[in-house]
Amino acid sequence: MKPMGAIPSDFNDLVFTIPDSTPAFFYYSSVVADRVARFRAAFPGVDLHYAVKANPFGPLLEAMAPLVDGFDAASIGEVGRVSAFGQPISFAGPGKTNGELAMAIGGGITINLESEGEADRALAFGEQLGETPRLAVRVNPEFELRGSGMRMGGRASPFGVDADRVPALVKRLIAAGADWQGFHVFAGSQALDAQAIVDSQAHTLDLVARLGDQAGAVPPLVNLGGGFGIPYFPGETPVDLEAIGAALLPRLAEFPDTRFAIELGRWLVGEAGVYFTRVIDKKVSRGETFLMCDGGLNHQLAATGNLGTVVRRNYPVAVATAAPGAPTETVTVVGPLCTPLDRLADQVELPVAGPGDVIAIFMAGAYGLTASPHEFLGHSRPAELLVGTPA
Ligand SMILES: *Cc1c(COP(=O)(O)O)cnc(C)c1O
């Protein structure tokens, strides 16, 4: 038997409405609303942005729109998905094409500039279109978010302009008549250690203060990035939001003329999603019991350990159809793909299940379907549904 991650406390009683058809993703709006409320309580006065790429499901975005202060898009496609909601949108990401820049400028979207070349093109398009481009400078900081699942700073990077070159760029944007929106500093992702986030935010504040001084301009907005993680694996614990807020808020008084935003993806929606897959077949092979299901890595790649993880560990899973107190056994849960990579849970202890039972894979609300190769092997696409509460 191998351990699995802890089931989010939102699902403590393990009572589910089982989807009519499987495989299916359910996203629970009550969980999202809870996370937003916790953010608001810990960070009063700080804007909350949703990073669309974590989960761009239309109904979820619609539910999110009145809860957040802005959307952060990572492509013009994501911009399009949120442009009808009337919230401020910023558009980050390397390699923005001329067409994408022109669309963003025409739509009044804030472009988070990833390079000086992008700045030149944005300024030229602004002039050509007769529009004042709204431009923020994404900074490639000298530091990184410690303990981050994905480090984004402290090294050569396609993301952002190296910090030492930022003041000159800001001066140039302002001189060219752009509507300079401030700074974007994203130092990493999936951090669970509050102190690491506190340190990274403190470094970010020092950095933007210095860059503003050097540029001779006060940034109207600073997007502090995010990086709040969620506990996917055994032994991991939730990030202490209150500790981060308590450290950050007193320092914001140093910047009376700047608004601050935190952009979050997985922390807002990751725990709100459950992927349901039905057991089709069961067998024992060389002493190991397998539950073969109707969906797997084609829909929920991350749970199989194939989305940027070094060592495969088990996500939290449950048998959604199990009776309370049912006897348990050790099973390996696999999907229907003809590859040994398609392993949703490896030798976990679950209530005895068989064909017809439904397995719940938790932590499926972020980087799920859209981060999985759902065309791979040509199985059908899973349903996605926004629902109210788990039970
Ligand atoms: C992906 C991304 C995010 C969201 O990251 P999460 O780990 O889901 O919170 C935020 N900001 C930027 C710039 C990103 O690229």
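What to note about this one:
- When the range 337-376 is filtered for residues that are assigned to a strand (DSSP E or B), under 21 Å from residue 27 (Cβ atoms) and of a type in the set (Val, Ile, Thr), the ones remaining, listed by number, are 358, 359, 361.
- Looking across the range 213-245, the residues that are touching a residue at least 24 places away in the same chain (Cβ under 8 Å), part of a helix (DSSP H, G or I) and open to solvent by 50 Å² or more (accessible area, probe 1.4 Å) come down to 214, 242.
- The listed residues are 165, 210, 172, 155, and the only one of them that is in a loop (DSSP other than H, G, I, E, B), open to solvent by 60 Å² or more (accessible area, probe 1.4 Å) and among the basic types (Lys, Arg) turns out to be 155.
- Check on residue 176, within 12 Å of the ligand (Cβ to nearest atom) and more than 20 Å from the chain's Cα centre (by Cα): no
- Scan the range 40-54 for residues that are away from the ligand (no atom under 15 Å from the Cβ) and either open to solvent by 20 Å² or more (accessible area, probe 1.4 Å) or in a strand (DSSP E or B) (or both) and the total you get is 4.
- Qualifying residues in the range 338-374 (those that are open to solvent by 10 Å² or more (accessible area, probe 1.4 Å) and free of Cβ contacts under 8 Å to residues at least 60 places away in the same chain) - the one nearest to residue 234 (Cα to Cα): 343
- Evaluation of residue 323 against the conditions (1) modelled with pLDDT of 95 or more; (2) over 29 Å from the mean Cα position of the chain (by Cα); (3) not basic (Lys, Arg) shows that the sole unmet condition is (1).
- One residue alone among 195, 181, 190 is more than 14 Å from the ligand (Cβ to nearest atom), touching a residue at least 40 places away in the same chain (Cβ under 8 Å), buried (at least 18 other Cβ atoms within 10 Å of the Cβ) and among the polar types (S, T, N, Q), and that residue is 181.
Here's the yes/no breakdown for (1) more than 11 Å from residue 345 (Cα to Cα); (2) crowded, with 20+ Cβ neighbours inside 10 Å; (3) at pLDDT below 95:
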{"position": "263", "(1), (2), (3)": "yes, yes, no"}
{"position": "268", "(1), (2), (3)": "yes, yes, no"}
{"position": "284", "(1), (2), (3)": "yes, no, no"}
{"position": "296", "(1), (2), (3)": "no, yes, no"}
{"position": "312", "(1), (2), (3)": "no, no, yes"}
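To keep it simple, each residue is scored yes or no on (1) touching a Ser or Thr at 6+ places or on another chain (Cβ under 9 Å); (2) free of Cβ contacts under 8 Å to residues at least 12 places away in the same chain; (3) not aliphatic (A, V, I, L, M).
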site: 107; (1), (2), (3): yes, no, yes
site: 115; (1), (2), (3): no, no, yes
site: 119; (1), (2), (3): no, no, no
site: 131; (1), (2), (3): no, no, yes
site: 137; (1), (2), (3): no, no, no
site: 141; (1), (2), (3): yes, no, yes
site: 159; (1), (2), (3): no, no, yes
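- Enumeration of residues in the range 247-278 that are away from the ligand (no atom under 16 Å from the Cβ) and either without any contact (Cβ under 8 Å) to a residue 40 or more places away in the chain or closer than 26 Å to residue 55 by Cβ (or both): 248, 250, 253, 256, 257, 259, 274, 275, 276, 277, 278
The values are calculated or read from the model by the stated rules, or taken from the named source; none is laboratory data. Everything numeric here is computed off the predicted structure, so don't read it as measured data. Ideal geometry is used to build each Cβ from the backbone, glycine not excepted, and the neighbour counts take in all protein chains shown. Only protein heavy atoms, including side chains, enter the accessible area calculation; ligands, DNA and RNA are left aside. Shrake-Rupley method; radii C 1.70, N 1.55, O 1.52, S 1.80 Å.
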